[in-house]
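These notes are about the structure you will find just below.
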Amino acid sequence: MRRFFPIALLALGLVLCSACGAGRNSPGDSSNEDLIVVGMCQVGAESDWRVANSESMKAVFTEENGYRLLFDDARQKQENQITAIRKFIQQQVDYIVLMPISESGWDSVLQEAKEAGIPVILVDRMVDVEDESLYAAHIGSDFLKEGRLAVAWMEDAFREAEDPVRVIHIQGTLGSTAQLGRTAALEEAVETHENWELPAQMDGDFTQAKTYEVMTEYLSSLPGGRDIDVVYCENDNIAFGALQALEEQGYACGPDGVSIITFDATRGALTECLNGRIALAVECNPLLGPLVETVIQDMEAGRTPEKHSFVEERVFTSENLTAALVESRAY
């Protein structure tokens with residue numbers, strides 16, 4: 001009977017501890033009490049860019065740096081992201097970092113986060129919501145500007161062209177901010193250039209495998225020897241799939257053949273750009289972890305972060321690339 005009281009008290013303590021949230025007072029580990037808990041909802045691992053983006057976040061949000069990271073891979077399904085956000089709300093995280101798959105469909109779940117007092121930081125892509133107070137800040141790229149940089153290169157490259165300039169367009173995940181911006185830039189350019197043609201737009205979903213499949217099917221349906229001047233690929237993995245399909249179907253890619261335009265400028269794409277198989281690589285920087293941390297530290301200090309922050313980015317061709325630059329690429 002003497003053992004009853006200490007055992008009962010121990011059981012009561014365990015119950016009370018288990019009722020604690022997953023915020024800064026983490027259950028059962030006093031060393032976690034001062035950690036900032038970040039719930040991160042990533043799109044998936046569909047591209048080299050996305051993998052580098054995830055690694056950048058994981059490198060910053062470590063316990064050594066004062067954080068506890070709860071990382072969720074949505075496997076390219078928006079419903080998985082919404083479920084993850086609701087789980088983070090239940091766990092009472094301090095911040096939610098969201099890389100939204102598409103722009104629409106976020107009002108309800110972000111309202112839930114707002115009511116729970118959890119700031120949401122958007123990374124890479126944007127959301128289309130009626131109330132912009134549903135998110136604290138957005139950090140990423142100006143995708144329309146990226147597209148216009150590509151279009152400017154095309155204007156210069158085909159300035160003297162008298163024959164039609166045939167552009168095959170392979171899009172990323174439909175409805176995503178990157179797809180919408182890069183597509184808008186190309187479509188507005190085609191409207192203003194009388195000799196530019198857009199015979200095909202295909203959904204590559206930002207993946208090499210799907211692009212290879214749809215591009216092979218399209219090329220197989222063309223009459224023999226049909227000219228293609230440009231393939232406008234909305235990310236590097238799309239470009240890799242397109243390159244493979246084109247070359248298997250007998251098309252040359254490079255200065256004397258099809259001009260491949262890509263976005264992201266990962267090391268693999270820059271290698272192909274240096275050797276001439278890719279004509280233009282427009283940079284999209286995935287290393288956003290330090291910028292996200294700056295936003296969180298601003299809010300921790302009671303400061304209001306900038307609503308939108310865009311990273312500086314460049315364009316690359318074989319003329320301004322070197323082997324040393326490619327080798328030094330962090331992603």
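Observations, loosely collected:
- Output for the range 122-136, where each listed residue is buried (at least 22 other Cβ atoms within 10 Å of the Cβ) and within 20 Å of residue 77 (Cα to Cα): 122, 123, 124, 125
- Selection of first residues in the range 141-156 that are under 16 Å from residue 179 (Cβ atoms) and acidic (Asp, Glu) and of second residues that are open to solvent by 60 Å² or more (accessible area, probe 1.4 Å) and modelled with pLDDT under 95, restricted to Cβ pairs under 7 Å at least 6 apart or on distinct chains, gives the following pairs, ordered by first then second residue: 142/310.
- Per the listing 93, 109, the residue uniquely touching a helix residue (DSSP H, G or I) at 6+ places or on another chain (Cβ under 6 Å) and open to solvent by less than 60 Å² (accessible area, probe 1.4 Å) is 109.
- Selection of first residues in the range 64-80 that are without any contact (Cβ under 8 Å) to a residue 12 or more places away in the chain and of second residues that are open to solvent by less than 40 Å² (accessible area, probe 1.4 Å) and among the aliphatic types (A, V, I, L, M), restricted to Cβ pairs under 8 Å at least 6 apart or on distinct chains, gives the following pairs, ordered by first then second residue: 80/74.
- Helices (runs of 4 or more DSSP H) (entirely within the range 222-331) containing at least 2 residues that are open to solvent by less than 10 Å² (accessible area, probe 1.4 Å) and within 25 Å of residue 143 (Cα to Cα): 236-248, 267-274, 289-300
- Residue 221 satisfies every condition listed in (1) at pLDDT 95 or above; (2) over 30 Å from residue 133 (Cβ atoms) except (1).
- Scanning the range 104-124 for residues that are more than 18 Å from the chain's Cα centre (by Cα) and among the hydroxyl-bearing types (Ser, Thr, Tyr) yields a total of 1.
- Flag for residue 192 being surrounded by fewer than 21 Cβ atoms within 10 Å (Cβ to Cβ), modelled with pLDDT of 95 or more and either over 26 Å from the mean Cα position of the chain (by Cα) or on the phi > 0 side of the Ramachandran plot (or both): yes
- Residues that are assigned to a helix (DSSP H, G or I) and of a type in the set (Ser, Thr, Tyr), drawn from the range 165-189: 177, 183
- Members of the range 203-215 found to be touching a Lys or Arg at 6+ places or on another chain (Cβ under 9 Å) and either more than 16 Å from residue 262 (Cβ to Cβ) or not in a loop (DSSP other than H, G, I, E, B) (or both), listed by number: 203
- Conditions (1) part of a strand (DSSP E or B); (2) modelled with pLDDT under 95; number of the one not met by residue 162: (1)
The values are calculated or read from the model by the stated rules, or taken from the named source; none is laboratory data. Keep in mind it's a predicted model, so treat the numbers as computed, not measured. Using ideal geometry, Cβ is built from the backbone for each residue, glycine included, and neighbour counts are taken over all protein chains shown. Just so you know, the surface numbers come from the protein's heavy atoms only, side chains and all, with ligands and any DNA or RNA stripped out. Shrake-Rupley method; radii C 1.70, N 1.55, O 1.52, S 1.80 Å.
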